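The values are calculated or read from the model by the stated rules, or taken from the named source; none is laboratory data. Just so it is clear, the structure is predicted and the values come from calculations on it, not from any experiment. Don't worry about glycine lacking a Cβ; one is built from the backbone with ideal geometry, like all the others, and counts go over all protein chains shown.
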Amino acid sequence: MLKRILVVIAVAIAALAPDLGLAQPQPQPNRAGRVVAVRAGRLVDPDTGLAALNQTILVEGERITAVGSNLSVPPGAQVIDLSKLTVLPGLVDAHTHLALTYKEIPENNVYYFTYVSDSTALRAIQAASNSLQLLSSGFTVIRDVGNNGMYADTALRAAIEQGWLPGPTIIPSGLIISTTGGQFQPTPEMYKNHSIVYPEYLEANTHDDIVKAVRENLLFGARTIKICVDCKPWGYSVDDIKLFISEAAKGGAKVDGHVQTMEGGQRAIDAGIHVISHGQRLTPEQHAQMAKKHIYLASTDTPFTPYRGSAEGQAQAARQLKSAWEKGVPLTFSTDMDYWNDRMKKADGDWMDRGELTINFLLTWKAAGIPAKDTLKAITINGYGAADVQGERGSIKAGNYADLIAVAGNPLEDIDALRNVQFVMKNGAVFKRDGVITIDGLLNPGPVNGWRRR
Ligand SMILES: [Zn+2]
């Protein structure tokens with residue numbers, strides 16, 4: 001549907017162009033490797049909450065080389081005029097599952113059944129589609145934390161990095177590591193005769209199991225480690241979590257814990273985990289501890305909409321989010337947006353795409369009364385911190401990868417400006433311009449960036 005709309009828009013613009021005296025569409029500067037000068041009417045720094053007017057961003061290849069108001073544009077550089085728009089770093093969803101789409105029909109929203117009925121291969125193709133939809137909405141970094149079948153997430157990361165298709169920077173966890181049972185309630189026959197928990201979960205009960213499980217995930221391409229701290233009453237102890245952290249560090253990864261109880265939350269905090277996911281039972285006192293230890297919160301704050309959630313559920317999520325914000329927890333924008341039903345339509349009857357469904361979680365941030373500039377920091381800078389990529393992505397400054405988006409309006413004042421992303425540049429290549437996806441030159445017949453990137 002999205003593609004059809006874009007084609008219609010593109011055709012309409014092409015048809016109107018001669019009458020309006022507009023220039024014919026120019027070749028898009030998709031290929032990384034050339035020099036591009038981006039003229040930004042307003043350039044936002046979400047870290048400081050400040051904006052500068054009339055800035056130029058020079059991009060060479062995949063990276064930003066200079067930013068300023070009086071830069072001379074090198075001869076031959078392609079100029080992209082965003083002087084009527086606000087430019088800002090790409091967005092981050094710090095908790096989602098690209099290769100999972102559970103449905104009301106036929107699975108009654110039980111993802112155990114989705115896992116049984118959708119193969120990893122089918123889910124990998126869903127993930128590729130979802131990643132394009134999210135990039136179109138401005139999400140340039142995705143923490144993809146498990147429930148992706150047999151490593152569909154790490155395969156997607158490799159495919160994007162190798163150059164098969166454009167996409168966000170994927171920070172995949174590989175399989176979620178859990179004590180017996182994962183998040184499933186299998187029958188004894190399915191558990192014992194068919195090992196049904198694997199590969200949706202990688203079970204690890206002893207310290208030897210934990211070391212082996214972390215190493216397997218890293219070997220198969222994980223960039224973070226996701227664990228079930230308390231999915232079952234026999235979850236992980238503080239010592240167990242510390243072992244996860246030290247073993248993951250050997251592969252340059254940090255640990256994200258699914259937390260659903262107060263006690264589990266305390267164990268994760270005491271162990272010094274990097275990210276707490278969910279955490280809906282955390283107390284204000286625990287939020288204060290998280291702030292002190294700089295533990296990121298990815299609380300997956302489901303909004304109440306015609307297609308999902310309840311008013312009470314959203315109110316509870318908003319209360320928790322507000323408490324965490326008041327205590328100074330580094331908040332991230334996170335969603336668990338991994339489901340579908342036939343009510344996910346807009347007023348005109350068109351489907352909402354995965355990007356639109358994801359950005360709609362802003363509803364909960366607004367219900368919590370979080371100021372726009374703090375929400376903007378959560379969905380950018382704190383997301384980069386949680387993804388552990390802030391050394392090379394995030395702020396729009398020389399040396400960083402050129403991951404930029406542009407919107408009409410000013411998201412520092414009105415966060416809903418993020419709902420209408422007009423321009424997306426990822427690794428220096430233009431993916432979306434004037435609201436239209438420009439995929440020409442971004443699909444390749446082989447691993448053009450190197451087959452060794454795995
Ligand atoms: Zn999740």
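Annotations for the structure displayed:
- Cβ-Cβ under 6 Å pairs, at least 6 apart or on other chains, region 86-102 side within 10 Å of residue 127 (Cβ to Cβ) and among the β-branched types (Val, Ile, Thr), far side within 16 Å of the ligand (Cβ to nearest atom) and at pLDDT 95 or above: 101/126; 101/340
- Matching entry among 393, 433, 452 (being among the basic types (Lys, Arg) and either exposed (fewer than 14 other Cβ atoms within 10 Å of the Cβ) or over 26 Å from residue 65 (Cβ atoms) (or both)): 452
- Residue selected from region 155-166 under the condition in contact (Cβ under 8 Å) with a residue 60 or more places away in the chain and buried (at least 24 other Cβ atoms within 10 Å of the Cβ), by the criterion nearest to the ligand (Cβ to nearest atom): 157
- Complete set of residues in region 264-279 that are more than 17 Å from residue 232 (Cβ to Cβ) and hydrophobic (A, V, I, L, M, F, W, C): 269, 271, 273, 275, 276
- In region 109-136, the residues that are of a type in the set (Val, Ile, Thr) reach residues that are surrounded by fewer than 21 Cβ atoms within 10 Å (Cβ to Cβ) with C-beta atoms within less than 6 angstrom, at least six apart or across chains, in these pairs: 114/107; 120/150.
- Selection from region 331-368 of residues that are in a strand (DSSP E or B) and either in contact (Cβ under 8 Å) with a residue 40 or more places away in the chain or within 13 Å of the chain's Cα centre (by Cα) (or both): 331, 339, 340, 351
- Taking the conditions (1) more than 16 Å from the ligand (Cβ to nearest atom); (2) closer than 18 Å to residue 353 by Cα; (3) of a type in the set (A, V, I, L, M) in turn, residue 127 satisfies each one other than (1).
- Looking only at residues of region 88-116 that are away from the ligand (no atom under 16 Å from the Cβ) and within 23 Å of the chain's Cα centre (by Cα), we find that the one that is farthest from residue 375 (Cα to Cα) is 103.
- Test: residue in region 253-260 that is charged (D, E, K, R) and away from the ligand (no atom under 16 Å from the Cβ): yes
- Candidate set from region 282-303 (those that are in contact with a helix residue (DSSP H, G or I) (Cβ under 7 Å, 6 or more places away or on another chain) and under 20 Å from residue 96 (Cα atoms)); member that is nearest to the ligand (Cβ to nearest atom): 298
- When we screen 434, 403, 440 for residues that are over 18 Å from the mean Cα position of the chain (by Cα), within 30 Å of residue 365 (Cβ to Cβ) and of a type outside the set (A, V, I, L, M, F, W, C), the only hit is 434.
- Subset of region 304-337 [surrounded by fewer than 20 Cβ atoms within 10 Å (Cβ to Cβ), of a type outside the set (Phe, Trp, Tyr) and either within 16 Å of the ligand (Cβ to nearest atom) or farther than 26 Å from residue 386 by Cα (or both)]: 305, 306, 308, 309, 310, 311, 312, 313
- Test result for residue 185, within 30 Å of residue 438 (Cβ to Cβ) and out of contact with any strand residue (DSSP E or B) (no Cβ under 8 Å at 6 or more places or on another chain): no
- For residue 383, the requirement of being surrounded by fewer than 16 Cβ atoms within 10 Å (Cβ to Cβ) and modelled with pLDDT of 95 or more is not met.
- Every condition in (1) in a loop (DSSP other than H, G, I, E, B); (2) within 16 Å of the ligand (Cβ to nearest atom) is met by residue 399 except one, and the failing one is (2).
- Filter pass, residue 184 being under 24 Å from the mean Cα position of the chain (by Cα) and assigned by TED's automatic domain parsing to the domain that holds residue 129: no
- Residue within region 210-221 that is within 28 Å of residue 329 (Cα to Cα), within 16 Å of the ligand (Cβ to nearest atom) and of a type in the set (Val, Ile, Thr) present: no
- Given (1) assigned by TED's automatic domain parsing to the domain that holds residue 43; (2) surrounded by fewer than 19 Cβ atoms within 10 Å (Cβ to Cβ); (3) in contact (Cβ under 8 Å) with a residue 40 or more places away in the chain, index of the condition residue 415 fails: (2)
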